[in-house]
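Report on the structure given below.
The values are calculated or read from the model by the stated rules, or taken from the named source; none is laboratory data. Remember, it's a predicted structure, so these values are computed and weren't measured experimentally. Every residue, glycine among them, receives a Cβ derived from its backbone with ideal geometry; neighbour counts consider all protein chains shown. Areas reflect the complete protein model, heavy atoms only, side chains present, ligands, DNA and RNA absent. Shrake-Rupley method; radii C 1.70, N 1.55, O 1.52, S 1.80 Å.
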Amino acid sequence: MYILIFFLAHWYLSLFSQTFFLHRYAAHQMFTMSKGWERFFYFFTWVTQGSSFLSPYAYGVMHRLHHAFADTENDPHSPSFSDNAFDMMWKTKNIYNRILKHKENVDPKYFKNVPYWGFMEKIGDNWLSRIGWGTAYTLFYIHYATSPWMYLLLPIHYLMGPVHGVVINWFAHKYGYTNFKVNDTAKNLLPFDFLMMGESYHNNHHKLGGRANFGVRWFEFDPTYPFILLFNSLGIVKLKKNNDLNYM
């Protein structure tokens, strides 16, 4: 029971950081926030993603490239140019690392307003930090696991961020339905997104790249959007009036 609760908590807290802060804020600037709140969510992302911490800076730039070059050879992660999901993940990792280390030749426009906190970036990408989080997950399992099969979940904890990425960037470009005609293979993976907190409405998002609510049809509930509305009402974020427009 403790293992299931821990796994679900890690899955959804990590996913929330990825969709709310890395994706909707860092990459698309669907809303604004103060520097103080930006640093709070930087730290929150490190805590919730742990060993698989993804740099908001590198993620933001890479995701903008994905939208600009979706399903072309310049797309950082397209199933159309990879033999399998693991091949795509490896290519994505290499591009991500080059952006992170400022070695990728990227048009300066893709860096506009992308958040960057050097201190937290160094901590999150430090191998001591990653190994420390991985060790903590393992010790939790050693203490609470009641069956050997439960240890099969540990690799997902270690690579939680990339696992979330491959669910959308591989499967949501291969399977699902479409509401809009777009110039790529993006699909809505699930009609009711209980799994990916709105991220599986990928076809909707590729059509309406700046829209804070990823759901469009009456049954497409985006679980992250109510949090954005709550944070907006509390003054934590400020939704942009033109958030139905693309970020460019």
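A few notes on this one:
- Any pair with Cβ under 6 angstrom, 6 or more apart, that starts in the range 218-235 at a residue that is under 19 Å from Trp11 (Cα atoms) and touching a residue at least 40 places away in the same chain (Cβ under 8 Å) and ends at one that is among the polar types (S, T, N, Q) and part of a helix (DSSP H, G or I): Thr224/Thr19
- From the list Ile123, Ile131, Ile95, the lone residue that is within 30 Å of Phe31 (Cα to Cα) and in contact (Cβ under 8 Å) with a residue 60 or more places away in the chain is Ile123.
- Among the residues making up the range 175-190, those that are over 19 Å from the mean Cα position of the chain (by Cα) and open to solvent by less than 40 Å² (accessible area, probe 1.4 Å) are Val182, Asp184.
- Selection of the range 222-248 for residues being modelled with pLDDT of 95 or more and farther than 20 Å from Ser17 by Cβ yields Ser233, Gly235.
- Residue within the range 129-145 that is surrounded by 15 or more Cβ atoms within 10 Å (Cβ to Cβ), among the hydrophobic types (A, V, I, L, M, F, W, C) and under 30 Å from Ile228 (Cα atoms) present: yes
- Residues that are open to solvent by 90 Å² or more (accessible area, probe 1.4 Å) and of a type outside the set (A, V, I, L, M, F, W, C) within the range 108-128 comprise Pro108, Lys109, Lys112, Asn113, Tyr116, Lys122, listed in sequence order.
- When Leu159, Leu152 are checked against the criterion of being open to solvent by 60 Å² or more (accessible area, probe 1.4 Å) and within 22 Å of Tyr42 (Cα to Cα), Leu159 stands alone in meeting it.
- In the range 30-71, residue surrounded by the fewest Cβ atoms within 10 Å (Cβ to Cβ) [restricted to those that are touching a Phe, Trp or Tyr at 6+ places or on another chain (Cβ under 8 Å) and of a type in the set (Val, Ile, Thr)]: Thr48
- Selection within the range 1-55 - more than 20 Å from Leu229 (Cα to Cα), touching a residue at least 60 places away in the same chain (Cβ under 8 Å) and β-branched (Val, Ile, Thr): Ile3
- Hits in the range 1-53 - residues which are touching a strand residue (DSSP E or B) at 6+ places or on another chain (Cβ under 8 Å) and not charged (D, E, K, R): Tyr25, Met30, Phe31, Thr32, Met33, Trp37, Phe41
- Residue check for Thr224: open to solvent by 40 Å² or more (accessible area, probe 1.4 Å), of a type outside the set (D, E, K, R) and closer than 28 Å to Ser78 by Cβ: no
- Counting residues in the range 169-184 that are among the aromatic types (Phe, Trp, Tyr) and in contact with a strand residue (DSSP E or B) (Cβ under 7 Å, 6 or more places away or on another chain) gives one or more.
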